[in-house]
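Inspection log for the structure reproduced underneath, given as structure tokens.
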Amino acid sequence: MAMKAPAASELELSPDRFRELVVIALEQLTAHLASVPDQPLDGTAEDPAASAAVARSLREPLPEHGADPRALLADLVGRVVPHSFTTVSPGFMAYVPGGGLPHAAVADLVADIVNRYVTVWRAAPGLAQIEATVARWLCDIVGYPAGALGVLTTGGSLANLSAIIAARRARLGDEDFRDTVIYLSDQTHHSVAKAAVQVGFAPRQIRDLATDERFQLRPETLERAVREDRRAGRRPLLVVASAGSTNTGAVDDLAGLADVTAAEDLWLHVDAAYGGFFLLTARGRALMRGIERADSVTLDPHKGMFLPYGTGAVLAREGAALRRAFGGSAIYMPEGGRDAEAVDASDISPELSRDFRGLRLWLPLKMHGAGPFRRQLDEKLDLARWAADALRHVPGIELVAEPQLSTLAFRLVRPGLDEAGRTRLNRAVLERINARQRLLLSPTMLGDRFVIRICIVSFRTHADRVAEAVAIVRDAVRESAP
Ligand SMILES: *Cc1c(COP(=O)(O)O)cnc(C)c1O
């Protein structure tokens, strides 16, 4: 019986069709990019019902037949994308922005077209080396020795998860860990506690230590908690310090904490997802002194290296710890040795088949060098200081968190208001600020205080938009007068 072949090239794009498809996408994207500075900051705010309706229109069954790609992409970029936060805008100072360097999209295009297997050296030695080289650059930024290793993850959450697993395996091997303790602070990103629970730690094994008035975890606070747990017969295992907390950008006293973890024989993980790349600057370097003594570090290139979402990194000072946690092979894997110094990414991470994400970092860094990244980050430090100084002089504004890096938090205070009243007032101020659609700020809680954060990281954000931001805040405060 003869096999019936499907129509030739049903899924294969001819070179001309491929080019046409890319050009269609490019036409959409170049127009989109050009309009970025003028796009409203929160495309879901004008008409939330319309945004929900757009989302509902996309609940659809698996199509049996194809549609015109030009129409599909025009609909996506023109109709669906605008109903979202404009995370790429120079006015996006909510959460932790990065902007999304378009270079990374070009790297992704190349990576996906060549579609090589980059997590096993034997299958693509040069490309696997690019992954390893990029990880080495990150280790150099942290100040790690030659034996360190790093691997790219999809983000900070997976990096923190990987670090906790590495710590447990390095310190406990296959031992039971129900009597061990993990130390966080009340400013630690929630992904860390979430990761600890995923690994199998019970909530009773996780301590949220109180921070000081600058939202930093004090070494003596850690020391006291560790001693108390030891006295109670528990085994302190791991400390997670913050190098740039999400709430206020607070950087813990890393050298002081490293002294404690060295004396107490604990694993020190530094979550530098937001703050880490400020190590490229002299001020960041000084602030994060001691980070090179951490056993592991999380970095998020999709924040401080301005990449699009989907690129994080976990680094370990002793690379063997990652091997111990994630190593393993099987008979069906590509055979043959590797170069003595080479690393299989699959040997130091939970992932096997995955995208060639190293190229996203490699292309912009090779194109521009580190200099422009350093200058951009220095500029963000300056902008945050400038914004803090300007806001300090607005009557009624209290700076709750001065910028340590490029994040600050403030609120409006008014005599005679209790905490609930202040929260209502500041919610109203924030709504007014964001309603202008030139700026998006996000709120957070510092203890029982509702505050408004400004976080400046995007490579598109410069003095003009920050000055506009301060003016908008000033107006919103004035309009909120009783
Ligand atoms: C953003 C962030 C995370 C989480 O990283 P994702 O990339 O969003 O998964 C963890 N810790 C800190 C300090 C962060 O700023």
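The values are calculated or read from the model by the stated rules, or taken from the named source; none is laboratory data. Everything numeric here is computed off the predicted structure, so don't read it as measured data. Counting neighbours? That spans all protein chains shown, and the Cβs are built from the backbone with ideal geometry, glycine included. These area figures cover heavy atoms from the full protein model, side chains too; ligands, DNA and RNA do not enter into them. Shrake-Rupley method; radii C 1.70, N 1.55, O 1.52, S 1.80 Å.
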Item to check | Set D212, D174, D179, D186: member being acidic (D, E) and touching an Asp or Glu at 6+ places or on another chain (Cβ under 8 Å) | outcome: D186
Checklist entry - Mind checking which residues of the stretch 426-441 are in contact with a strand residue (DSSP E or B) (Cβ under 6 Å, 6 or more places away or on another chain), within 18 Å of L399 (Cβ to Cβ) and not polar (S, T, N, Q)? => result V429, L430, L441
Next on the checklist: When you scan the stretch 422-430, do you find a residue that is within 30 Å of G304 (Cβ to Cβ) and of a type in the set (A, V, I, L, M, F, W, C), even just one?
Outcome noted: yes
Item to check | Residue within the stretch 244-261 that is open to solvent by 50 Å² or more (accessible area, probe 1.4 Å), over 21 Å from Q187 (Cα atoms) and outside any helix (DSSP H, G or I) present | outcome: no
Checklist entry - When the stretch 126-152 is examined, which residues are found to be more than 9 Å from L315 (Cβ to Cβ), open to solvent by less than 10 Å² (accessible area, probe 1.4 Å) and not in a helix (DSSP H, G or I)? => result L152
Checklist entry - Of (1) open to solvent by 10 Å² or more (accessible area, probe 1.4 Å); (2) within 13 Å of the ligand (Cβ to nearest atom); (3) in a helix (DSSP H, G or I), I164 satisfies all except one. Which? => result (1)
Item to check | Which listed residue is open to solvent by 20 Å² or more (accessible area, probe 1.4 Å) and not small (G, A, S), from L405, L417, L381 | outcome: L417
Item to check | Of the criteria (1) within 16 Å of the ligand (Cβ to nearest atom); (2) open to solvent by 30 Å² or more (accessible area, probe 1.4 Å); (3) not basic (K, R), which one V110 fails | outcome: (1)
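Restricting to the stretch 333-375, what's the tally of residues that are hydroxyl-bearing (S, T, Y) and open to solvent by less than 40 Å² (accessible area, probe 1.4 Å)?
Counting residues in the stretch 333-375 that are hydroxyl-bearing (S, T, Y) and open to solvent by less than 40 Å² (accessible area, probe 1.4 Å) gives 2.
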Next on the checklist: On the basis of being at positive phi, at pLDDT 95 or above and not β-branched (V, I, T), does G256 make the cut?
Outcome noted: no
Next on the checklist: Condition first: small (G, A, S), more than 16 Å from the ligand (Cβ to nearest atom), farther than 23 Å from G319 by Cβ and in contact (Cβ under 8 Å) with a residue 40 or more places away in the chain. Can you find one or more residues in the stretch 223-243 that meet it?
Outcome noted: yes
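Check the stretch 89-112 and report whether any residue there is in a helix (DSSP H, G or I) and without any contact (Cβ under 8 Å) to a residue 40 or more places away in the chain.
The first filter runs over the stretch 89-112 and keeps only residues in a helix (DSSP H, G or I), leaving 103-112.
Going one step further and asking which of them are without any contact (Cβ under 8 Å) to a residue 40 or more places away in the chain, we end up with none.
Scanning the stretch 89-112, I find no residue that is in a helix (DSSP H, G or I) and without any contact (Cβ under 8 Å) to a residue 40 or more places away in the chain, so the answer is no.
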Next on the checklist: Quick test of your reading of the structure: E175 fulfils all but one of (1) within 20 Å of the chain's Cα centre (by Cα); (2) assigned to a loop (DSSP other than H, G, I, E, B). Name the failing condition by number.
Outcome noted: (1)
Checklist entry - In the stretch 312-332, what residues are buried (at least 17 other Cβ atoms within 10 Å of the Cβ) and either at pLDDT below 95 or within 16 Å of the ligand (Cβ to nearest atom) (or both)? => result G312, A313, V314, L315
Item to check | Residues satisfying the stated conditions in the stretch 195-222, i.e. surrounded by 17 or more Cβ atoms within 10 Å (Cβ to Cβ), more than 24 Å from the chain's Cα centre (by Cα) and under 19 Å from R293 (Cβ atoms) | outcome: R218, P219, T221, L222
Checklist outcome for this item: Per the filter on the stretch 113-125, residues open to solvent by 60 Å² or more (accessible area, probe 1.4 Å) and over 22 Å from M367 (Cβ atoms) are N115, Y117, R122
Checklist entry - Would the stretch 291-302 turn up any residue that is without any contact (Cβ under 8 Å) to a residue 60 or more places away in the chain and either assigned by TED's automatic domain parsing to the domain that holds S406 or surrounded by fewer than 19 Cβ atoms within 10 Å (Cβ to Cβ) (or both)? => result yes
Item to check | Of all residues in the stretch 465-482 being out of contact with any helix residue (DSSP H, G or I) (no Cβ under 9 Å at 6 or more places or on another chain) and in contact (Cβ under 8 Å) with a residue 12 or more places away in the chain, the one that is least open to solvent (accessible area, probe 1.4 Å) | outcome: E468
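Residues of the stretch 179-221 being part of a loop (DSSP other than H, G, I, E, B) and more than 20 Å from G256 (Cβ to Cβ), which ones?
D179, H189, G200, F201, A202
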